[in-house]
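The values are calculated or read from the model by the stated rules, or taken from the named source; none is laboratory data. Quantities reported herein were computed from a predicted structural model and do not represent experimental measurements. Positions of Cβ are generated from backbone atoms using ideal geometry, with glycine treated the same way; all protein chains shown enter the neighbour counts.
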Amino acid sequence: MRKIQILFVLFVLILIQFKSLAQETKYIEVISSETFILKPKSFIYQISFGQQMEFMGMNIPMNNDTDIPQASFTDIENMIKSEQFKYIVNDDNDFSISIQTKHPTIEVELDNLKDLKRLYNKLKHEKGISGKIMNVNYESESLSQDEKFNLLYSKALKQAQQLALVSGNTVGQLFNISEIINESDSQMELYKTMMKNMPLGLLGSQNTLNKEIQRQFMFKFELK
């Protein structure tokens, strides 16, 4: 009799376990991403003079042809004045001595790409100078953190509903959220920053100074 009771209890436990497995909650995970663009509101275009230029701590020879007249500081400054650009002359002296003559730089203050291209077109054929973009200030983000999250959530929910429909399910409550940090994005941002700092003599003016901020989240929804 006792053996029968034990078997009955085991049978009941097995039924409960099967029922629990049958009612196990199912989930669906989707990735939602969005790229937010920030436009520059001001930046500096630095013009350097001399036989070499400095880039990322390295001195790069400019390979000037001595038979071709080199642009003088006065000529470039007069051109900038005539074009009515706002600028300052940076003549910082660190009291170092080297075989290379240290020249002052001209830092032109700009706030739009149109003026940058106008300045670049005036400078690109001059010999003996280099130029680079620096000190970029960006506009404030137009969307708040809540607005960004709601946008990402809406995209994720729509995608989850489409996938659930294929399997004959419906989407239930949001179960979990986790942000995805992509190291390759950081490396790409570093590469873009480096490209924007490349001197005039190597690449020329950039087509865009916009800053891209990508947010990527994993949304986990309950399936019904």
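Filter the stretch 139-167 for residues that are touching a residue at least 40 places away in the same chain (Cβ under 8 Å) and among the charged types (D, E, K, R); which is farthest from I44 (Cα to Cα)? The extreme case among them is K155.
Looking across the stretch 113-138, the residues that are within 24 Å of the chain's Cα centre (by Cα) and either free of Cβ contacts under 8 Å to residues at least 60 places away in the same chain or under 15 Å from D75 (Cβ atoms) (or both) come down to K114, D115, G131. Among the residues examined, S154 does not qualify as farther than 27 Å from N210 by Cβ, out of contact with any Cys (no Cβ under 9 Å at 6 or more places or on another chain) and either crowded, with 17+ Cβ neighbours inside 10 Å or outside the structural domain of T74 (by TED's automatic domain parsing) (or both).
Condition check for N169 on (1) at pLDDT 80 or above; (2) exposed (fewer than 11 other Cβ atoms within 10 Å of the Cβ); (3) in a loop (DSSP other than H, G, I, E, B): one failure, at (2).
Out of N64, N59, one residue alone is modelled with pLDDT under 85 and surrounded by 15 or more Cβ atoms within 10 Å (Cβ to Cβ). It is N64.
Flag: F36 does not match the condition of being closer than 16 Å to I129 by Cα and at pLDDT below 90.
Of all residues in the stretch 70-80, those that are closer than 15 Å to Y45 by Cβ and free of Cβ contacts under 8 Å to residues at least 24 places away in the same chain total 0.
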